[in-house]
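Data first, discussion second: the structure below is written as structure tokens.
Values quoted throughout were computed directly from the atomic coordinates according to the rules given, and no laboratory measurement underlies them. Please read these numbers as outputs of a predicted model, since none were measured by experiment. Because the Cβ atoms are built from the backbone with ideal geometry, glycine has one as well, and the counts that use them run over all protein chains shown.
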Amino acid sequence: MLVPEQINLYIAEHPEWQRKVLVRLRQLVHATCDNVQENWRNGVPSFDQDGMAVVSFATSKTSVSLCFPKGDQLKPGKLEFEPASGARCVRVAKFREKDKLPESAVKDLLKKALVCNSKANDEETKKKIHEPVELEAVLRKDPMAWANWESFSKETRVEYLEWVNDGRKVETRKHRIAKALELIREGITREEEPKRLRDA
């Protein structure tokens, strides 16, 4: 199933008031963010630019949320948001049934998120993180792992590369590469399995 169709189904499964909010937020994202790509991350719609998530949707029984992965670096302005539970950097703006959607404030925050992502992308480029030859060799020998690696976003791959490259000792790097292979083969990102990676 194509991602836009998956997002359409996601929206259709919600009550009418949430559907209206989700549809309008989706329109605002596309109207504000040039060349944004719709993606599906961790079971919810995500909107990416240059391989990095700008914003994603989430819902509860009483609210619709805009989630900003780098929200800790944003000033909320007229749109209030709060830290996401269990995610140190993420900030969430919640909208409830009787709330009037503050479209101007939403667009302003989306623009700030784009600027933040652009800076992060530039910093990553400057770091010139090189893919360890050992990791590439191991992944290429495993068709499933290599297919998942190729499908990962740039942001996800950088997280793995930084983790492997931070291993100063040869033994540490070998252990991390083996652990990375195990997770990548299962299609698991570092964000999805932080405990297993930290315990390595």
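Among residues other than G51 whose Cβ falls under 9 Å from its Cβ, what is the net charge (Lys/Arg +1, Asp/Glu -1)?
-1
Mind telling me which of Q18, Q27, Q49 comes out most flexible in a GNM of the chain, alpha-carbon contacts under 10 Å?
Q27
Once a ≥ b ≥ c are taken as the square roots of the eigenvalues of the Cα gyration tensor of the range 1-118, is the result rounded (a/c under 1.5), prolate (a/b larger than b/c) or oblate (a/b not larger than b/c)?
rounded
Let me check I have the definition right: for the chain, take the eigenvalues of the Cα gyration tensor, multiply each by 5, take square roots. What are those semi-axes in whole Å, largest first?
Equivalent ellipsoid of the chain: 34, 18, 15 Å, largest first.
Give me the one-decimal nm value for the distance between modelled label points at V115 and W40, 7 Å along each residue's Cα-to-Cβ direction.
Going by the 7 Å Cα→Cβ label model, 3.5 nm.
Tell me the label-point distance for the pair K78, H175, using the 7 Å Cα-to-Cβ offset, in nm and rounded to one decimal.
5.4
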